[in-house]
Each structure stands twice: as C-alpha cells, then as structure tokens.
1. Specify the angular offset, from 0 to 90 degrees and rounded to the nearest 10, of the alpha carbon long axis of helix 38-51 from the longest principal axis of the alpha carbons in the chain.
2. Give the relative contact order (percent, whole number) for the chain; include only Cα pairs under 8 Å separated by 6+ residues.
3. So if we plug the beta-carbon distance of residue 259 and residue 70 into 1/(1 + (r/R0)^6) with R0 = 35 Å, what FRET efficiency do we get, rounded to 0.05?
4. Need the full-extension length gain, residue 146 to residue 33, defined as separation in residues times 0.36 nm minus the C-alpha distance. One decimal, nm.
5. Suppose R0 equals 25 Å. What FRET efficiency, 1/(1 + (r/R0)^6) with r the Cβ-Cβ distance, do residue 240 and residue 192 give to the nearest 0.05?
6. Given 0.36 nm per residue, what is the gain on full extension from residue 52 to residue 173 after removing their alpha carbon distance, in nm?
7. Using only Cα atoms, find the angle between the long axis of helix 225-248 and the longest principal axis of the chain, and express it within 0 to 90 degrees, rounded to the nearest 10.
8. Indicate the gyration tensor shape class of the chain (rounded, prolate or oblate), computed on the Cα atoms with a ≥ b ≥ c the square roots of the eigenvalues: a/c under 1.5 is rounded; otherwise a/b larger than b/c is prolate and the rest oblate.
Ligand SMILES: [Zn+2]
C-alpha cells in the first residue's frame with residue numbers, strides 16, 4: 001500500500017466482508033482518512049465542480065486512476081455530485097472487475113461516461129478524466145464550428161502541446177502566442193453513443209487534452225488528477241474569455257494589436 005494513499009485497516013479483510021455482506025462489496029478501496037486518496041478527492045472535487053456550476057442537476061462525472069494500485073475510480077450515474085460519498089463510487093481493477101460498488105439499495109449505476117473515460121485511459125494514457133456540463137463549453141459549441149480556437153492569451157500556457165522535451169522527458173506546453181485548438185463533436189441521445197466519435201477525434205487530434213460535446217459539455221484529461229484539474233480550469237477560463245470577446249466583436253484568434261479594429265461601438 002502506498003504511503004500516499006494509505007487505507008484504514010480497521011475493517012476486516014476484503015474476502016471476509018464479501019462473505020458477510022450479500023450486496024455490498026467491501027469499502028476497503030474507498031475508506032481512507034487521507035484527503036488525497038482518489039475516493040476522497042473525487043468527492044471533494046465534485047463538490048467544488050458543483051459550486052462552479054459545472055456539475056449541477058447530477059450532470060457531469062469524474063474518474064481517477066490510482067497510479068499505485070492501478071485501480072480506477074468512477075462516479076455513479078444520476079447522483080447529486082455535491083452529496084456523493086466515497087462509498088458511492090465504483091472502483092474497477094485492471095481486469096475490468098468492480099472491486100467496490102455502492103450499496104445495492106441505492107440503486108446506482110456506473111456513470112454513463114464510463115466507456116468514454118475508458119477510451120481516454122486507453123488511447124491517451126490519462127491519469128484522470130473530468131466531464132462537466134460547463135455553460136462556457138455549451139455556448140462555445142454554438143459559436144464555433146468543429147473546433148474551438150483561441151490565440152495570444154497567457155493562460156494558453158497551461159495546456160501541453162503534445163510534444164515531449166527530449167532532455168527532460170517532460171511534456172512541453174503551448175506558448176501564450178500559440179493557438180489552442182479543441183475539437184467539437186456533435187451530441188448523441190445517450191453518452192455511451194459518443195464512443196465512435198471519441199475514437200475518431202482522438203485519431204484526428206492526437207495532441208488534444210479535451211473534447212467539447214456540442215450543447216452538452218466538455219471532457220478534459222491529464223496525466224494525473226492535478227493536471228486534469230489544471231487543464232479543465234484553464235480551458236474553462238479560455239472558453240469564458242472567448243465568449244466575452246465574441247460579445248465585443250473581437251475574434252478569439254485576434255492578432256495582438258488588432259483588437260480595436262473589431263470592437264463594437
Ligand atoms: Zn454529460
């Protein structure tokens with residue numbers, strides 16, 4: 001067990017709990033007093049995202065892969081994100097088996113985003129995936145066509161450019177004078193029907209860290225939950241800025257110095 005994600009050992013072993021409870025698989029993987037344990041992080045971040053108006057009305061979802069145990073944590077479907085507790089989470093091992101499920105009496109299901117999160121883990125080697133119903137993403141999907149684009153803004157530097165520095169082995173990042181491009185796909189009646197579009201867009205945009213779903217929201221990932229959170233916050237900030245620029249008549253890719261040519265009276 002990692003030092004970082006210490007699990008409380010007060011409960012009996014997993015096998016024993018599974019014999020003594022018919023429906024509820026042991027809480028062994030979600031019970032920790034460590035605030036950065038994935039199960040605790042998902043709940044605290046979900047409350048934060050709810051307060052940001054990103055995950056209200058049960059919308060959105062969040063998933064983290066624990067780099068030590070290789071277990072993957074998923075939010076349940078149709079659950080008020082601000083009220084979720086660690087025992088409400090689904091936890092899957094590398095064989096695809098659930099090693100923790102919410103109480104059967106709660107009548108929960110795994111998040112409808114689970115297949116999409118899994119695509120990001122497999123295709124992008126993500127460490128965490130965030131899905132929000134951000135109004136900024138929804139409005140941008142109406143303003144822009146197949147790509148959200150924004151240039152010449154400082155916060156663009158928070159997004160990796162897909163290249164790796166040969167000397168350090170670390171990801172390289174966009175410069176503030178670069179253009180950030182995020183693909184936009186059309187929505188479907190059910191979230192799991194977006195799988196083909198996800199596969200296709202990840203082939204076309206191998207360096208992207210996000211996909212906007214038109215009139216729906218956004219999926220954002222990173223190597224770790226910390227990186228995914230930073231990408232999500234930076235992209236949301238940039239989408240909000242693009243909407244404000246659009247209202248003023250300034251294109252989001254406006255060259256530096258040209259702003260006043262576009263300003264509406
Ligand atoms: Zn959604």
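Taken together, the values in this text are just the output of simple stated rules run on the coordinates, not laboratory data. Source: prediction; values computed, not measured. Here Cβ is always computed from backbone atoms with ideal geometry, including for glycine, and neighbour counts include all displayed protein chains.
1. 40
2. After rounding, I find 16 percent.
3. Plugging the Cβ-Cβ distance into 1/(1 + (r/R0)^6) gives 0.10.
4. 36.3 nm
5. Calculated transfer efficiency: 0.30.
6. So the chain would gain 41.0 nm between residue 52 and residue 173.
7. 30
8. In terms of gyration-tensor shape, prolate.
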